[in-house]
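Undergrad: Right, I'll just put the structure down here and ask away after.
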Amino acid sequence: MEEQQAPRYVLGKREEDGRYPVAVDGTPAGTVHRRHGSWYITIPGRRNDHRFDDRYKAAEYLVTLHDKGIRPTIPAPADTPASGTAAFDATLAGIASQTYRHLLPDLRLTLPNLVRAVEAMARLDQLGWTPLEGYPGADQPWRMECRLCGWQGRRFWSHLRGRNGDGIPRPANRHPGCIPVEKIAVQLIHLAADRLSECRCNFQHPMEISYALSVLANMNDALSEPGPVATILYARPLLEPCPASARRANVLRIAYNRRTAALRSLQ
């Protein structure tokens, strides 16, 4: 009976962001992570969209790429500046975008995903959380900061939005070390005083359906262009923090539904 060879890869422990580091022949080769029931690989500095049934098949594919010379070309994300502070480019557009480019969804950039991200961030604001990175999807760990105590870590949006549409976030104690549960409601009421029904920002965010429709049209055009510059610029009305984020989310959802219905009627 032929002896089965041990795999050449080693799967490391799951990191805070849900990724598993993989070493091939003792050399870092990338990471594997689960998203929406499938497994994907990440090689820093390289793009790869292959999908796998489990983590082991994903890790084995990293061995194949390693043998082909396809290896990381930049340091792992932990060794680089946070996405919201890293230099984008030297243009005015790049400088202006640094306050919100890190909030671009960590999903395939589409209008539906952007609208979901806006809605999720608006709800986070009501629950006393500040997102520190883009919306990753409901079942992926999302890095955020607790506005009640300053804790930073990862929570799942599926837990915070409640189960079966009940809107009750779980767990009741938010995270280990937060303020006592009995004080949370009062603190959230205090935070609610900062929220507005009208945008008073220097940069006007969409508060009317007509403006929201134009924002979505511009973003749709930007998504079809090569390169990230246009996308990041047109993401500003959608993702930049705003004290009227709840109204913005509601208006964008109505505008998106109207846009979708109009496009269907033309088909």
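The values are calculated or read from the model by the stated rules, or taken from the named source; none is laboratory data. This one's a predicted model, so the numbers in the text were calculated from it and none came from an experiment. All Cβ positions, glycine included, derive from the backbone under ideal geometry; neighbour counts span all protein chains shown. Note: areas computed on protein heavy atoms with side chains; ligands, DNA, RNA excluded. Shrake-Rupley method; radii C 1.70, N 1.55, O 1.52, S 1.80 Å.
Undergrad: Working from Cα positions, state the angle (0 to 90°, nearest 10) between the long axis of helix 245-266 and the longest principal axis of the chain.
TA: 80 degrees
Undergrad: Using only protein heavy atoms and a 1.4 Å probe, report how much of GLU133 is accessible, in Å² to the nearest 10.
TA: 40 Å²
Undergrad: Counting alpha carbon pairs within less than 8 Å and at least 6 residues apart, what relative contact order, in whole percent, applies to the chain? Let's see the in-between values first.
TA: Details: 385 pairs, mean separation 36.4, N = 267.
It rounds to 14 percent for the chain.
Undergrad: Let me ask something additional. What size of dipole, in debye to the nearest 20, comes out for the range 109-267 about its Cα centre when the only charges are +1 on Lys and Arg C-beta atoms and -1 on Asp and Glu C-beta atoms? It would help to have the intermediate numbers written out before the result.
TA: Details: 20 positive and 13 negative charges, 75 e Å.
So the magnitude is around 360 debye.
Undergrad: Now for a separate question. What ranking, highest mean first, results for peptides 223-235, 17-29 when packing means the other Cβ atoms within 10 Å averaged over each residue? Provide the component values of the computation, followed by the final result.
TA: Details: 223-235: 15.5, 17-29: 17.5.
Going from most to least packed, we get 17-29, 223-235.
Undergrad: Counting only residues 5 or more places away or on other chains, whose amide H sits under 5 Å from the amide H of ALA29 once H atoms are built in the peptide plane?
TA: VAL22, ALA23, VAL24
Undergrad: Under the Kirkwood approximation for Rh and a Cα-based Rg, what ratio Rg/Rh is obtained for the range 185-267?
TA: Taking Rh as the inverse mean 1/r over Cα pairs, Rg/Rh reads 1.07.
Undergrad: How big is the gap, in Å, between the Cα center of the range 200-237 and the Cα center of the range 113-177?
TA: 24 Å
Undergrad: Right, another one. Given H placed 1.01 Å from N in the peptide plane, which residues other than close sequence neighbours of ARG35 have an amide H under 5 Å from its amide H?
TA: Residues meeting the amide H criterion: TYR40.
Undergrad: Run the dipole for the chain about the Cα centre, Lys and Arg Cβ at +1, Asp and Glu Cβ at -1, nothing else charged, and hand back the magnitude in debye, nearest 20.
TA: On the way: 35 positive and 27 negative charges, 136 e Å.
The calculated dipole for the chain is roughly 660 debye.
Undergrad: Could you give the dipole magnitude of the range 192-267 about its Cα centre, charging the beta-carbon of Lys and Arg +1 and that of Asp and Glu -1, in debye to the nearest 20? The partial results should precede the final answer.
TA: Details: 9 positive and 6 negative charges, 57 e Å.
Result for the range 192-267 is approximately 280 debye, rounded to the nearest 20.
Undergrad: Sticking with this one: Which angle from 0 to 90°, rounded to the nearest 10, does the C-alpha axis of helix 209-223 make with the longest principal axis of the chain?
TA: 20 degrees
Undergrad: Helix 181-192 versus the longest principal axis of the chain: what angle, 0 to 90°, nearest 10, using Cα atoms?
TA: Its long axis makes an angle of about 60 degrees.
Undergrad: So what's the back-of-envelope 222 nm ellipticity for the chain, counting only DSSP H runs of four-plus at -39500 (n - 2.57) apiece and dividing by all residues, rounded to 500?
TA: Details: 9 runs with 98 residues, N = 267.
Helices in the chain give a 222 nm mean residue ellipticity of -11000 deg cm²/dmol.
Undergrad: Quick one, what does Rg over Rh come out to for the range 97-219 if you take C-alpha atoms and the Kirkwood Rh? Please list the in-between numbers first.
TA: Details: Rg = 15.4 Å, Rh = 15.8 Å.
That ratio equals 0.97.
Undergrad: From a point 7 Å beyond the Cα of GLN187 in the direction of its Cβ, which residues of the range 101-136 have a backbone N at a distance under 14 Å?
TA: Within reach of a label on GLN187: 127-130.
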